[in-house]
Structure formats: C-alpha cells, structure tokens
Amino acid sequence: MPNLIQSTLKRAAGLGRQSALYAGNAFDRVFRAASLVQAGQTPFQTLHSDGLVSLRYYPPLTEDHIELGDRTIEVNHQSHRTPIVIVPPLAVNMLIYDLFPQRSLVRFLRAKGFEVYLIDWGVPTREHSHYNMHTYVAELLPEYLNRVRQHSGEQELSLHGWSMGGMFTLFYSALSRDQHIRNAIVLGSPIDSHASGLMGLLYQRISSVAEVVRSRTGFRLHDLQPHWFHTPGWANTIGFKLTNPIGSVMGYWELVVRLGDREFVSNHATTSAFLDRMVAYPGGIIQDTVVRIWIDNQLSRGEIQIGNDVARLENVSANLLAIAGDSDTLATPGAAKRVMDHVSSTDKSFRVIPGGHMGILAGSKAPSSSWLDMAEWLAQRSN
C-alpha cells in the first residue's frame with residue numbers, strides 16, 4: 001500500500017509540473033510573445049535613411065563558426081570582391097532575412113565571406129500611396145545601389161530578390177541596362193502569372209472580364225486615385241495566410257498539441273513575429289501589380305510598363321540564378337521558369353527546390369536545399 005501511495009503522489013507531482021509548464025508556455029506565448037522571438041539578432045549598421053527607406057550594412061562576424069540548422073560551418077573572414085544587395089519585396093518586415101540565429105540568411109551570407117547590404121523599404125503610410133513601380137524601380141533602387149557602391153568602393157554588385165523583390169531586381173536591370181549588375185538571384189518571382197496554377201486560372205478569368213469592361217466602358221484602374229488602393233499591413237497578413245489556410249490553422253493546432261515544448265513555442269512565436277507584422281502596400285504599387293502583372297500578364301511577353309517607360313527582360317544580361325518552390329502557390333515553377341525564355345544572360349540556371357513561397361527563402365529546409373548551393377554559385381562569380 002505505501003508503494004501505491006508513493007507512486008500515485010509521484011504521478012500527481014509529474015502532472016502538476018507538466019500542467020505548470022503548459023500554463024507557463026501558454027502565458028508567455030499569449031502575453032509575452034516578444035520575449036520568445038529569436039529573430040533580428042544579427043547586428044547591422046544603418047548607412048542611410050530618407051525617413052522611410054533605409055540601407056543596412058552587416059559588418060563582418062566576430063566568431064569563427066556559426067550554427068546552420070543542425071550543422072556547424074566555418075566563417076570566412078576574407079570577403080569576396082562583389083558585394084551582395086538584398087532587395088526585399090514590399091509588405092514584409094525584415095525579420096524574414098534574420099529569422100533564427102541558426103537560420104539567418106544575412107548571417108549565413110556574411111559567414112560565407114560576402115559583403116552584405118539590405119534595402120529596407122520601411123513601413124509605408126497613406127502619405128506614400130502614390131508610390132508605384134516607377135518609384136521603387138527607377139528612383140529608389142538606383143539611389144540606394146549607388147550608396148552601396150560608394151560605401152563598398154565596388155561598382156559591380158550582386159542582387160538577391162525574393163518574390164516582388166526578384167521582380168524589382170529584373171525590372172531595374174532591364175530598365176537601367178546597368179552593366180555592373182554582375183549576378184542576379186531571384187526566388188519565387190512569377191514571370192507568367194497566368195501559369196500559376198489555380199491562382200493563374202483566376203487571373204485569366206479576371207483578365208477576360210477586365211478586357212470586356214475596358215472595351216465597353218473605356219474604364220482603366222489607373223484612372224482612379226492610388227490612395228483608394230492603399231492596403232494596410234493587417235490585410236496583407238490575412239491575404240498571405242489565406243494562400244495556405246489549412247497550413248495556417250494546422251500551425252496553431254500544432255502549437256496547442258506541443259505547448260509543453262518550449263523550443264517549439266519559441267519557434268512558433270518567432271515565425272509569427274514575421275507573419276503577423278506585415279506592412280502596407282502603397283496604392284500605386286497595387287494598381288501596377290494588379291493591372292500589369294496579374295491582369296495583362298505583360299511579363300509573359302518579356303516586358304512590362306514602368307511609368308512611361310518599358311522594361312524589356314532581354315536587356316538583362318547578368319549571371320542569373322532563378323529558384324522556384326515545388327509547392328509555391330503564388331509563383332509556381334511553371335510561372336517562374338518563363339524568365340529563362342526572355343533574359344539575354346549567357347550564364348543562367350533555373351532550379352526547383354522543396355518549399356512554398358516563404359519556405360524557399362527561410363524555411364527549415366532552405367539552408368540545405370538552396371543556401372549552400374547558392375553561396376557556392378555566387379562565390380564562383382564574385383571575384
């Protein structure tokens with residue numbers, strides 16, 4: 001009988017400790033989520049800011065080794081000659097590029113010996129509703145790339161663009177004909193939006209309707225004021241999650257199931273810090289994107305209107321590495337691969353890797369499936 005009582009008391013004590021652990025993790029996840037977030041730990045310097053857009057520089061790492069997923073890699077303290085400039089998409093916050101200490105793209109590139117710069121587009125307000133493709137591609141990008149050149153002392157640059165950032169990279173190269181863009185890496189950038197699976201079929205249907213409206217009424221979306229299309233950050237967060245609603249719900253269900261796993265809870269809070277803090281789209285960008293990329297599908301023909309100019313992808317001659325995710329519903333491999341048909345690059349490669357739209361950039365499989373190969377590809381073309 002004493003042994004039974006003792007066993008019962010131990011079991012009750014264990015359940016009590018487990019309940020306390022669950023309660024503590026639940027409280028921290030709901031009320032102290034910021035204390036769990038691991039993102040944004042890599043130091044950087046802000047070289048310039050206009051009040052909205054800023055330029056970051058990531059200085060050399062002080063350690064000799066860093067953790068990358070479940071492996072350790074040596075830090076290269078000798079820099080490659082050609083700096084790399086990360087060109088992010090709009091609507092996202094910059095935590096995505098420094099998500100975890102062991103899964104940070106900026107930290108990894110710095111460890112591989114690259115001089116790393118990042119253009120932070122900031123948080124647009126309604127005051128910036130008139131910002132459109134021309135603003136970013138023909139005005140802001142040239143200014144900030146020149147600042148990179150001034151700081152680094154190098155004319156030749158490598159550009160890294162994910163999603164809309166990849167399109168910005170291509171548009172800038174096509175419009176400016178900047179022959180000093182030596183390498184371009186684009187990930188998850190749809191060139192033929194009508195080929196993006198179910199989303200593409202939806203765009204095709206909208207395009208047919210839009211053509212009827214134009215022919216019968218003469219109405220153009222660009223006739224309206226851009227501030228009407230200003231999209232707040234919370235709307236972009238909902239829209240991004242709706243691209244994978246089942247995955248979004250399952251993510252929170254898994255959090256409930258694994259509430260006793262402190263590491264998982266911390267990882268969930270870190271990922272949510274990115275997903276739940278998306279920022280606004282300026283109205284002018286929405287107009288240009290909806291009409292020229294989604295409805296008219298101009299890029300499928302190898303060109304796109306930027307303001308009063310036309311950017312032709314045949315003017316892109318940089319070494320090109322284009323990457324698509326095998327489960328990306330926003331930019332399917334079929335939609336992304338079309339870039340190979342239009343650019344004039346003699347050195348160009350297209351790869352499909354595991355992951356969805358976010359996963360190909362910063363998912364748990366990204367370091368092994370693309371980062372290491374990308375760094376090797378870039379290193380061979382950066383000296």
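The values are calculated or read from the model by the stated rules, or taken from the named source; none is laboratory data. Not measured: the values here are computed from a predicted model. All Cβ positions, even for glycine, are placed from backbone atoms using ideal geometry, and neighbour counts span all protein chains on display. We work out accessible area using only protein heavy atoms, side chains counted, and drop any ligands, DNA or RNA first. Shrake-Rupley method; radii C 1.70, N 1.55, O 1.52, S 1.80 Å.
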* To do: Inspect the range 257-273 for any residue being part of a helix (DSSP H, G or I) and at pLDDT 75 or above and give the result as yes or no.
  => no
* Hey, among the residues in the range 189-228 that are more than 28 Å from the chain's Cα centre (by Cα) and among the β-branched types (V, I, T), which one's most open to solvent (accessible area, probe 1.4 Å)? -> T217
* Would you check if S173 is among the small types (G, A, S), in a helix (DSSP H, G or I) and modelled with pLDDT of 95 or more? => yes
* **From the options R214, R292, residue that is part of a helix (DSSP H, G or I) and modelled with pLDDT of 90 or more** => R292
* To do: Scan the range 34-73 for residues that are at pLDDT 95 or above, assigned to a strand (DSSP E or B) and surrounded by 17 or more Cβ atoms within 10 Å (Cβ to Cβ) and report the count.
  => 5
* For residues in the range 98-130 being within 25 Å of W234 (Cβ to Cβ) and among the aliphatic types (A, V, I, L, M), which is surrounded by the fewest Cβ atoms within 10 Å (Cβ to Cβ)? -> V123
* Structure fact -> Within the range 368-383, restricting to residues that are touching a strand residue (DSSP E or B) at 6+ places or on another chain (Cβ under 9 Å), open to solvent by less than 20 Å² (accessible area, probe 1.4 Å) and of a type in the set (A, V, I, L, M, F, W, C), the one that is nearest to G239 (Cα to Cα) is W371
* What about S208, is it part of a helix (DSSP H, G or I) and over 22 Å from F350 (Cα atoms)? -> yes
* Asked: In the range 131-188, what residues are without any contact (Cβ under 8 Å) to a residue 60 or more places away in the chain and open to solvent by 30 Å² or more (accessible area, probe 1.4 Å)?
  -> E139, P142, E143, N146, Q150, G153, Q155, S176, H180
* **Cβ-Cβ under 9 Å pairs, at least 6 apart or on other chains, the range 200-221 side under 10 Å from D296 (Cβ atoms), far side of a type in the set (D, E) and part of a helix (DSSP H, G or I)** => none
* **Single match in G363, G325, G283 (criterion: in contact with a strand residue (DSSP E or B) (Cβ under 8 Å, 6 or more places away or on another chain) and closer than 28 Å to F108 by Cβ)** => G325
* Asked: Restricting the search to the range 74-97, which residues are open to solvent by less than 10 Å² (accessible area, probe 1.4 Å) and part of a helix (DSSP H, G or I)?
  -> I96, Y97
* Asked: Out of the residues in the range 308-333 that are open to solvent by 20 Å² or more (accessible area, probe 1.4 Å) and among the small types (G, A, S), which is nearest to F168 (Cα to Cα)?
  -> S317
* Meets criteria (out of contact with any Pro (no Cβ under 9 Å at 6 or more places or on another chain), open to solvent by 60 Å² or more (accessible area, probe 1.4 Å) and not aliphatic (A, V, I, L, M)) for T289 -> no
* Report yes if some residue within the range 346-367 is assigned to a helix (DSSP H, G or I), touching a residue at least 40 places away in the same chain (Cβ under 8 Å) and farther than 26 Å from T237 by Cβ; otherwise report no. => no
